[in-house]
Amino acid sequence: MKAVCPPWRLECYDELTSTSDVCLERARAGEKPGLALLALRQTKGRGSRGRNWVDAGQSLALSMLLDGQQAGQDALGGWPFLASLAFFEGLAETMPAARDHLMIKWPNDILLDGQKLGGILIEREGRALIIGMGANLARSPATDAIGREAAFLGRYGEPPHPRAVAEAILAQITRWRDVWEHQGFGILCAEWMKRAHPVGTPLVVNGGTTYEKGRFAGLAADGRLLLETENGMKTIATGDILLASQGAGRAARH
């Protein structure tokens, strides 16, 4: 398999269970950072909070192994922001007509015209950091399979091949990792804000045992979401975040 630009070693498979699961198995077996696994079909794709990722076919299923030692000591670290920037830019680069229709939803979902297009799952085990990304390219899953309508990149033209998207994302991971290393976490947040839902966007936060409604007020210094509510400013570290227009109670995949 021809390699992508260093430091990545991209392997492409017709089918895998879960690219993140296989990536983690390889890490446990001694694989060094820089491995990237692309599956043209996933049979057991995973999302956040134990959810399944439904593969609609001709989709992106990409996971990469990095050295998690670079992550910061704050609650989130820079990885969700770095990953979402790379994901956004990789998709926009391979489908330029969709760029102005793409948006990041805190912390790292990608929306197209306000509907979910793709998501990111970040896992750590020791020094191993696994970043998994899934996106609907040629089509979206059936509504009854995921409980809502989702977006797909092919709305704006001939969908790119998953490998082309993967290569673009990996190059962007390298780019934003260099930005983080040389310019700090603050620049990641600033660049993320340029591509995210605007300040003032109505949001719903479902934390499982908590439920908050308010307006997006930006990011705290450590990357946590600031939510302006009727009862004052709340700082959100985790939870299902929905744009109010998407409707309360519907949980996001990934």
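The values are calculated or read from the model by the stated rules, or taken from the named source; none is laboratory data. Everything numeric here is computed off the predicted structure, so don't read it as measured data. Cβ placement follows ideal geometry from the backbone for every residue including glycine, while neighbour counts extend to all protein chains displayed. SASA here: full protein model, heavy atoms, side chains in, ligands and nucleic acids out. Shrake-Rupley method; radii C 1.70, N 1.55, O 1.52, S 1.80 Å.
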Got a number for residues in the range 83-130 being closer than 19 Å to N206 by Cα, out of contact with any Gly (no Cβ under 9 Å at 6 or more places or on another chain) and of a type in the set (S, T, N, Q)?
-> 1
For the range 164-219, how many residues are assigned to a strand (DSSP E or B) and open to solvent by 20 Å² or more (accessible area, probe 1.4 Å)?
-> 8
Output for Cβ contacts, cut-off 7 Å, separation at least six or different chains, first residue at positive phi in the range 154-166, second open to solvent by 30 Å² or more (accessible area, probe 1.4 Å) and in a helix (DSSP H, G or I), reads G157/A97
Kindly indicate whether any position in the range 101-117 is part of a helix (DSSP H, G or I) and at pLDDT 95 or above.
-> yes
Within the range 220-232, residues among the polar types (S, T, N, Q) and either open to solvent by 60 Å² or more (accessible area, probe 1.4 Å) or not in a strand (DSSP E or B) (or both) come out as N231
